[in-house]
Amino acid sequence: MVEILRANQQNLKEAGKAIRRGELVVFPTETVYGLGADATSDKAVAAIYKAKGRPSHNPLIVHITSLEQAQKYGKFDDRAKKLAAKFWPGPMSLIVKRTENCSLSEIVSAGGDTVALRMPAHPISRQLLEAANVPVAAPSANLSGGISPTLPEHVKQGLGDKIFMLIDGGACLVGVESSVISVLPNESVKILRPGSIDANDVAQLLGEPIEQSQQSKSAHDILISPGLLSSHYAPKVSLRMNVNQPHKNEAYLAFGKHGFSNHSLNLSPSQNLHEAAQNLFAMLHALDAYCVENKFSIAVAPIPNTSIGIAINDRLTRAAAPK
Ligand code: AMP
Ligand code: MG
């Protein structure tokens, strides 16, 4: 079982070396914990898929430290450059065409001609990327289909016997995964996965309308971004959304003031959606464990579908989808 290691200079240096040797290293980002490996190595990238049990058709996000580095691997048009200038470093992954001489493993693109690139803002992610000195492929550090980890303990429970190192960064500040935005030639800009970046801000920045994938995914959308598959982020027990009055055998995930004290956790008593996003996965992990033990299921309060609430509802809809 892997140890949870402090993010000091020595451990980060070791982690960088381990990535270059092809090992799997889990590290914190501002969104969720990432399961990192050298994105230029087929073998290292294949190990990510194996550890997660991730279907090979679902491509990975590659983490980089500068726009210059990103442009070695992906073709940035003016729209992509504008988005990068505004939202990087930060919780945004851009889908662009791979460059002709792209040295990334083809497996990160699941054999396609596009690549997802992200420049994280979290100081520990950045130090790790600098120590590794290679682009790092890193999906969320959970078993495929499960709840994403926002604490090192979540990673240890799910992948503890499959990884080489686990760097502690405490709780992740954003709490939901990056916004995935595709910027491909002759296509409108699309938000394939909602995150903390507001679609209106993207449209305003680019001065053009953008598309936002709806929660019921068409077969076409799933082909474009297989991570949009409906069941995902799923707890072991079943989950119901938009519940004002939980049943007796349900643990309640509340939002705002509510009158239930038993078996309940509150995403944000003050109805702050950013706080709710930060708490979402940790509270789902906790309620799931409680419900498995007590043969309960989970009921979730209505969450306003605005700003980062769109990302929260997206994750909950997939958590509620039949498996
Ligand atoms: P994860 O890193 O596990 O949170 O998932 C990464 C998300 O990015 C998934 O939804 C993927 O389907 C999506 N993604 C990664 N690369 C691409 C790509 N080249 N084209 C479309 N979607 C992608
Ligand atoms: Mg994931």
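Of the numbered criteria (1) farther than 20 Å from LEU24 by Cβ; (2) away from ligand 2 (no atom under 16 Å from the Cβ); (3) of a type outside the set (A, V, I, L, M); (4) part of a loop (DSSP other than H, G, I, E, B), the one GLY175 fails is (2). Considered as a group, the residues in the range 132-142 that are open to solvent by 10 Å² or more (accessible area, probe 1.4 Å) and over 17 Å from ILE163 (Cβ atoms) include one that is nearest to ligand 1 (Cβ to nearest atom), and that residue is VAL134.
Annotation: of all residues in the range 189-210 being free of Cβ contacts under 8 Å to residues at least 60 places away in the same chain and within 15 Å of ligand 1 (Cβ to nearest atom), the one that is most open to solvent (accessible area, probe 1.4 Å) is LYS190.
Take the conditions (1) under 18 Å from the mean Cα position of the chain (by Cα); (2) at positive phi; GLY111 misses just one of them, which is (1).
Against the conditions (1) open to solvent by 10 Å² or more (accessible area, probe 1.4 Å); (2) part of a loop (DSSP other than H, G, I, E, B); (3) of a type in the set (Val, Ile, Thr), VAL180 satisfies every one except (2). Going by the structure shown, is GLN245 at pLDDT 95 or above and out of contact with any helix residue (DSSP H, G or I) (no Cβ under 8 Å at 6 or more places or on another chain)? Against the criterion (at pLDDT 95 or above and out of contact with any helix residue (DSSP H, G or I) (no Cβ under 8 Å at 6 or more places or on another chain)), GLN245 does not qualify. Of all residues in the range 105-124, those that are away from ligand 2 (no atom under 16 Å from the Cβ) and closer than 20 Å to HIS154 by Cβ total 2.
Here PRO135 fulfils each of the conditions (1) in contact with a His (Cβ under 8 Å, 6 or more places away or on another chain); (2) within 16 Å of ligand 2 (Cβ to nearest atom) apart from (2). Taken over the range 112-131, the criterion of being open to solvent by less than 30 Å² (accessible area, probe 1.4 Å) and part of a loop (DSSP other than H, G, I, E, B) is satisfied by MET119, PRO120. The set of residues from the range 143-156 being in contact with a Leu (Cβ under 9 Å, 6 or more places away or on another chain), open to solvent by 10 Å² or more (accessible area, probe 1.4 Å) and either within 15 Å of ligand 1 (Cβ to nearest atom) or of a type in the set (A, V, I, L, M) (or both) comprises LEU143, GLY145, ILE147. When CYS291 is tested against (1) surrounded by 15 or more Cβ atoms within 10 Å (Cβ to Cβ); (2) under 19 Å from SER179 (Cβ atoms), just one condition goes unmet, and that condition is (2).
Taking every residue in the range 48-66 that is under 18 Å from PRO28 (Cβ atoms) and pairing it with any residue that is open to solvent by 30 Å² or more (accessible area, probe 1.4 Å) and within 12 Å of ligand 1 (Cβ to nearest atom), at least 6 positions away or on another chain, the pairs with Cβ-Cβ distances below 9 Å are ILE48/ARG54; ILE48/ILE107; ALA51/LEU143; LYS52/LEU143; LYS52/SER144; LEU60/ARG54; LEU60/ILE107; LEU60/ALA110.
Within the range 137-148, residues that are of a type in the set (S, T, N, Q) reach partners that are more than 10 Å from ligand 1 (Cβ to nearest atom) with beta carbons closer than 6 Å, at six or more positions or on different chains, in the pairs ASN142/PRO149; ASN142/GLY158; SER144/GLY53; SER148/PHE281.
For the residues LEU239, LEU253, LEU229, the requirement of being under 26 Å from VAL155 (Cβ atoms), aliphatic (A, V, I, L, M) and at pLDDT below 95 singles out LEU229.
The values are calculated or read from the model by the stated rules, or taken from the named source; none is laboratory data. Small disclaimer: the values here were computed from a predicted structure and weren't measured. No Cβ is skipped: glycine too gets one built from the backbone with ideal geometry, and neighbour counts run over all protein chains shown. The area values use the complete protein model at the heavy-atom level, side chains included, leaving out ligands, DNA and RNA. Shrake-Rupley method; radii C 1.70, N 1.55, O 1.52, S 1.80 Å.
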